[in-house]
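Take a look at the structure set out below.
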Amino acid sequence: MNAYNKLVKDLAPKKFNKWSILWVLLLVAVIIAGIIAYIDQLIKGQVVTNMRDYALWGIYISNFVFFVATSFVGSVTVAILRLTNNEWRTPMVRIAEIISVASIIMAGITIMIDMARPDRLLNLFIHARLQSPITWDVIIIPTYIVISLLLLYFPLLPDFAILKKYYTKTSPKLSKWYGKLALNWTGSKVQKTIQTKSIKIIALMIIPVGLLLQTIDAWLFSTTYRIGWDSNNFAPYFISGAFVAGVGALVTVIYIVRKVNKLEKYITDFHFDRLGKFLALACLTYLFFNINEYLIPAFTAKKGEAVHLETLFTGIYATLFWIVTIGGLVLPTIALLFKKGRKPLPLFIIGVIVVVGSWWKRYIIVTPTLLHPFLPIDGVPESWHHYFPSLHEWIITFSTLAMAFLIITLLVRYLPVIPIQRTADEQKISESEKKTES
Amino acid sequence: MEDNNKSSRRKFLDKGLKLGLITAIGGIGLSKISSKLNAKSHNNSSEKMELMTSDGTLIQVDSSEVVEIDHSKNKDEKYNVREGMPNRKFVMVVDLAKCKNALKCQSACNKGHYITGENAWMKVYEMQESKETAPYWMPMTCQHCDQPACVTVCPVDATFKRRDGLVLIDNERCIGCRFCMAACPYSTRVFNWGEPGQEITLNMNMEGHTPSPEHAGMPSIKGTVDKCDFCPHMIDKNKLPHCVTACPNGVFYFGDKYEDTVTNGEETLRFKKLLKDKAGYRFMEGLGTEPSVYYLPPVDRLVDFEDGLDKYNKYQSVAKPE
């Protein structure tokens, strides 16, 4: 077998094995449970959640913020590394794009789950008011979905053409689909110029749009008078947090895909090392903005803010706050500074910790603030003084996470997770060479 | 053939012309007669009417001169719920010196707005600035801010600010995102997490009743936000809001800033003078939300703060039906 054919065979999508099928079934089961819980929520109202007039937002919102943050990986890894000519990105960009697409789609769905009247969704367009940060979200999320899809799709064109050819005999049906998606890609010079140009424009566009997405997400909170949200630091704090969550998710997914699809030859220790350094950069940036957000304000905290910081530092949220900050950010950063910490397996573990930490981080951003309004919480049942998600909220949230995983899994199943054409170009092997080589 | 055609056309024109002339003459004649009849009725009246001018003097006018002013009859149709009552600006003054947490305001509000939830729209907070200062009771309604944070963030214009000062909610438009609740610094907004169930708990018949922003809670709608509406449905009937009339201590003064008067039902005072004399202030003025509710400091109190403690219930603001 010549080098080119071997490359295509290695990188072509792999059929599900037994474990993958089991995994998909598990995801589908969780999703179905979530849908049932959601229908129940629609019928009974959000009284099935543990949100009440004080804790008026809960994990639906923090989960939404998490998805938005994770979707940032598309902008950072793909676009920024592309524009800075970091060649090592090649085997990771597609997975980053896939995560980005899955996350932003789920962000859009999650925010709708939080709406108590989804039947009035169209009001957001009919009666839209431009000064509301929610309207900004309504504009930026679909925009980001479209750009992310394009950033995933355009580089895929040559690969689709390759796969069309590859599957002609083994699976004509699949081949037909790939052929349709390839949009008559022949690899001619004209097509290549158009494609390169388009990708360049999209990569340029997704950076400001991605930054805006994170910023608007932060403004959703900082446009209120709430202590803990009313912060000028919020936009960069969210952007750097998204950097961490996104790259963390990328590390995690890449490790699993590499293992399942046996891509050790293409995604090497070198790539993990680079990715580890990238994650370290993200964590350090985030640490800086965390210090800006929590430590420095402690010096001049007004009374309300002091109470808020106290609940985080030593109060009822202290355990969670310190686990998330130390365990989910400081320790991973330290580990990443060592070469051994950037080996595939340790990096995978760090990635998981960072992602889980990122999820809980959003929880700690949303909930404590709501439970410290300016006026005392009075005249409401004792249970309204606290918030912990109800069973409905947990099931629905896990279901959204499962949906994100399912989108990723299906895309990994049908798309070449490592760009075939690019890899071939970089390794300087081409189809025409096979005669000379073989 | 052609000749025949021509003559028939001429005939038609001739006849038509004659007919037209007759009708025209007839029409003129008719109008002349009718105008003469009209003139007769005019000249007939020679009665005088007594009227009073705006400065109070009586004058006599020929009754034929008197014409009814054309009142715009569709005034009510033109009334815009989002613009509010023209040339009014509603304000409230709360005298903290008089409040002893009788909580009649709260129960009247709960009743008047058919509140079935567990969080009242009208609350009396136990306040104390610092350890050394005296505690006092502070009634809190929606502040009806002139720079309302809630209105700014609403994505669908469901909550809106009117010219007459009120901040109201269109419960048929609200999408239930609760951003307004997050934005409000006074924790005054309440959400219908489930079915309000007013038909069952309060035995009400809501059928055929269309919800209006001018009577919040009539009915409450699942998945939307409710709050104090300053009772425009009472103002409309020339009555005071429920909390004002219910208060046994005359704590609440309600009125119109443009008229410069506020009343608690017993005494009517000049709004500006009251604020000046008693050093009125607004709650959290520093936020810049420009509330329409003013407070008079709790000075020279006739009752002990402790008297209100009997009624104080940290965990309940809406009485549950047994």
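Under the condition of being among the polar types (S, T, N, Q) and in contact with a Pro (Cβ under 8 Å, 6 or more places away or on another chain), the residues counted in region B:271-306 number 1.
With the structure loaded, tell me whether A:Lys9 is outside any helix (DSSP H, G or I) and more than 14 Å from chain B (Cβ to nearest Cβ) or whether it fails that test. Spelling it out, it is not the case that A:Lys9 is outside any helix (DSSP H, G or I) and more than 14 Å from chain B (Cβ to nearest Cβ). The single condition among (1) more than 30 Å from A:Val48 (Cβ to Cβ); (2) in contact with a strand residue (DSSP E or B) (Cβ under 6 Å, 6 or more places away or on another chain); (3) at pLDDT 95 or above that B:Gly308 does not meet is (3). Kindly check whether there is at least one residue in region A:286-300 that is modelled with pLDDT of 95 or more, of a type outside the set (Phe, Trp, Tyr) and under 16 Å from A:Val251 (Cα atoms). No, region A:286-300 contains no residue that is modelled with pLDDT of 95 or more, of a type outside the set (Phe, Trp, Tyr) and under 16 Å from A:Val251 (Cα atoms). Considering only residues in region B:82-131 that are within 13 Å of chain A (Cβ to nearest Cβ) and of a type in the set (Val, Ile, Thr), the one that is nearest to B:Asn238 (Cα to Cα) turns out to be B:Ile115.
In region B:88-98, the condition of being on the phi > 0 side of the Ramachandran plot, assigned to a loop (DSSP other than H, G, I, E, B) and touching a Cys at 6+ places or on another chain (Cβ under 9 Å) is met by no residue.
Evaluate region B:179-193: report whether one residue or more is away from chain A (no Cβ under 11 Å) and farther than 22 Å from B:Lys257 by Cα.
Taking region B:179-193 first, the residues away from chain A (no Cβ under 11 Å) are none.
Checked region B:179-193: no residue is away from chain A (no Cβ under 11 Å) and farther than 22 Å from B:Lys257 by Cα.
The residues listed here are B:Lys272, B:Lys222, B:Lys237; of these, the one that is touching a Lys or Arg at 6+ places or on another chain (Cβ under 9 Å) and either within 20 Å of B:Pro135 (Cα to Cα) or free of Cβ contacts under 8 Å to residues at least 24 places away in the same chain (or both) is B:Lys272. Within region A:212-226, not a single residue is assigned to a loop (DSSP other than H, G, I, E, B) and either away from every other protein chain (no Cβ under 14 Å) or in contact with a strand residue (DSSP E or B) (Cβ under 9 Å, 6 or more places away or on another chain) (or both).
Checked against the criterion of being at the interface with chain B (Cβ under 10 Å from one of its Cβ atoms) and either hydrophobic (A, V, I, L, M, F, W, C) or at negative phi (or both), the candidates A:Arg52, A:Arg89 yield just one match: A:Arg52. Across region A:62-72, a minimum of one residue is classified as modelled with pLDDT of 95 or more, surrounded by fewer than 23 Cβ atoms within 10 Å (Cβ to Cβ) and within 29 Å of A:Val356 (Cβ to Cβ).
If you filter region B:132-151 down to residues that are within 13 Å of another protein chain (Cβ to nearest Cβ), out of contact with any strand residue (DSSP E or B) (no Cβ under 6 Å at 6 or more places or on another chain) and of a type in the set (A, V, I, L, M, F, W, C), you find that the one that is farthest from B:Asp304 (Cα to Cα) is B:Ala149.
Yes/no matrix, rows are residues, columns are (1) among the polar types (S, T, N, Q); (2) surrounded by fewer than 18 Cβ atoms within 10 Å (Cβ to Cβ); (3) in contact (Cβ under 8 Å) with a residue 12 or more places away in the chain:
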| position | (1), (2), (3) |
| --- | --- |
| A:Val307 | no, yes, yes |
| A:Ile326 | no, yes, no |
| A:Val330 | no, yes, yes |
| A:Ala335 | no, no, yes |
| A:Gly341 | no, no, yes |
| A:Ile349 | no, yes, no |
| A:Gly357 | no, no, yes |
| A:Gly379 | no, no, no |
| A:Ser383 | yes, yes, yes |
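All conditions in (1) at the interface with chain A (Cβ under 10 Å from one of its Cβ atoms); (2) farther than 21 Å from A:Pro373 by Cβ hold for B:Thr201, with the sole exception of (1). Highlighted here are the strands (runs of 3 or more DSSP E) found entirely within region B:131-238 that include at least 1 residues which are crowded, with 23+ Cβ neighbours inside 10 Å and of a type in the set (Ser, Thr, Tyr): B:159-161. Picking from residues in region B:300-322 that are surrounded by 12 or more Cβ atoms within 10 Å (Cβ to Cβ) and aliphatic (A, V, I, L, M), the one that is farthest from A:Glu382 (Cα to Cα) is B:Val303. For A:Tyr363, the requirement of being out of contact with any Asp or Glu (no Cβ under 7 Å at 6 or more places or on another chain), aromatic (Phe, Trp, Tyr), part of a loop (DSSP other than H, G, I, E, B) and surrounded by 21 or more Cβ atoms within 10 Å (Cβ to Cβ) is not met.
Condition check ((1) over 26 Å from B:Tyr315 (Cβ atoms); (2) within 24 Å of the chain's Cα centre (by Cα); (3) basic (Lys, Arg)) across all residues:
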| position | (1), (2), (3) |
| --- | --- |
| B:Leu103 | no, no, no |
| B:Asn110 | no, yes, no |
| B:Ser130 | no, no, no |
| B:Ala149 | yes, yes, no |
| B:Val153 | yes, yes, no |
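Listed here are the helices (runs of 4 or more DSSP H) enclosed by region A:100-209 that have at least 1 residues being within 14 Å of chain B (Cβ to nearest Cβ), among the aliphatic types (A, V, I, L, M) and surrounded by 15 or more Cβ atoms within 10 Å (Cβ to Cβ): A:123-126, A:133-153. Out of all the residues in region B:283-299, which are in contact (Cβ under 8 Å) with a residue 60 or more places away in the chain and closer than 19 Å to B:Tyr125 by Cα? Scanning region B:283-299 gives B:Phe283, B:Met284, B:Pro291, B:Ser292, B:Val293, B:Tyr294, B:Tyr295, B:Leu296, B:Pro297, B:Pro298, B:Val299.
Just one of the listed residues (A:Ile43, A:Ile21) is within 14 Å of another protein chain (Cβ to nearest Cβ) and surrounded by fewer than 13 Cβ atoms within 10 Å (Cβ to Cβ), namely A:Ile43. Take the conditions (1) within 25 Å of A:Phe66 (Cβ to Cβ); (2) without any contact (Cβ under 8 Å) to a residue 24 or more places away in the chain; A:Asp119 misses just one of them, which is (1). Each residue in region B:270-302 was checked for being away from chain A (no Cβ under 14 Å) and either in contact with a Ser or Thr (Cβ under 7 Å, 6 or more places away or on another chain) or part of a loop (DSSP other than H, G, I, E, B) (or both), and 12 pass.
Select from region B:155-168 the residues that are within 13 Å of chain A (Cβ to nearest Cβ) and within 25 Å of B:Ser317 (Cβ to Cβ) and list them in ascending order.
Of everything in region B:155-168, those that are within 13 Å of chain A (Cβ to nearest Cβ) and within 25 Å of B:Ser317 (Cβ to Cβ) turn out to be B:Ala158, B:Thr159.
The values are calculated or read from the model by the stated rules, or taken from the named source; none is laboratory data. Nothing here was measured: the structure is a model prediction, and the numbers come from that model. Here the Cβ is made from the backbone with ideal geometry for all residues, glycine too, and neighbour counts use every protein chain on show.
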